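Everything on this sheet refers to the single structure shown next.
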Amino acid sequence: MLCIDEPTSGLDSSAALVVINCLKVLSRRHGMTIIASIHQPNNDLFHMFDNIYVLAKGGVCLYTGPPLPLRQHLHDCDIKLTQNDVPIETVLTIASDGNRTTDFGKLMSKQNSNESDDKLIEGNTRLVYGKQNPTKRFSFRDVYCLLTRSMRYAYISQWKTLGLQIAMLIYTGMMLRVIMDTKIIVPDGCVTIELGAGCDHQSDADIINENFLKDNIKFLMALVVVVPVQIMFVFSISFCAEVAIFCNEHYNVTPNLPR
């Protein structure tokens, strides 16, 4: 998501159209959402947006949706427009003119009836034992989106940490290969029925096999202990590098905390 405050401020109409067109191409190419605040856009600039959100004084929403149905929206509110009137200029005039309180109330009532908070809450809740649980519904699309974002974050943003983890695992494997004998996988580790019989008469081959079994157990214990410790070490390094981001997100949720 990219938020821009008045990207066309101080530009002429031609330059403003070029800027908005570049933002639109950027949004399509990278699949991102761009939120921009525009002060008194002309008609051509207005229709380049996918969705608009017209705000009046006090944060009151007078219209939200695609630009094209705005004229019909004003007609549904009994606000008459001529063929030469520009719908967005009419809405902005109503939003800023304190004498047109009747039209202001019509737009506000129409918008509230179209998209109420109850509909938004109902769309993102599910019923559990007859009671509302204010949680977002499960969606495979959300899982795919989060998984894709995690993969991008791991392979693009944290490529150094990922490379360090792979290098440490390769180094551990090479060290175990040098230290341990490859013949540790040859002996049969199954317990025989005659367990304990003839312990005083072990042959050299039996003693060697027993040593190989012990080395095999040591090898498995090294895998169980060393590899998780290495992974935790790498994760601790990556977390320390993101403490600033974590604190920033924490303050965004609870802005009253002292900085």
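Here are the numbers:
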quantity	calculated
Complete set of residues in region 21-45 that are over 25 Å from the mean Cα position of the chain (by Cα) and either of a type in the set (Val, Ile, Thr) or not assigned by TED's automatic domain parsing to the domain that holds LEU68 (or both)	ILE38
Filter pass, LEU17 being surrounded by 16 or more Cβ atoms within 10 Å (Cβ to Cβ) and in a strand (DSSP E or B)	no
Residue within region 198-205 that is modelled with pLDDT of 70 or more, surrounded by 10 or more Cβ atoms within 10 Å (Cβ to Cβ) and assigned to a helix (DSSP H, G or I) present	no
Tally, over region 80-103, of residues that are closer than 19 Å to PRO67 by Cα and of a type in the set (S, T, N, Q)	5
Residues satisfying the stated conditions in region 14-29, i.e. small (Gly, Ala, Ser) and either in contact with a helix residue (DSSP H, G or I) (Cβ under 7 Å, 6 or more places away or on another chain) or closer than 13 Å to PHE46 by Cα (or both)	ALA16
Those residues of region 25-81 which are polar (S, T, N, Q) and modelled with pLDDT under 85, in sequence order	GLN40, ASN42, ASN43, THR64
Selection count, region 54-79, where residues are within 15 Å of LYS110 (Cβ to Cβ) and not in a helix (DSSP H, G or I)	12
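The values are calculated or read from the model by the stated rules, or taken from the named source; none is laboratory data. Keep in mind that what you see is a predicted model, and the values were worked out from it rather than measured. Note that we place each Cβ from the backbone using ideal geometry, even for glycine, and neighbour counts take in every protein chain shown.
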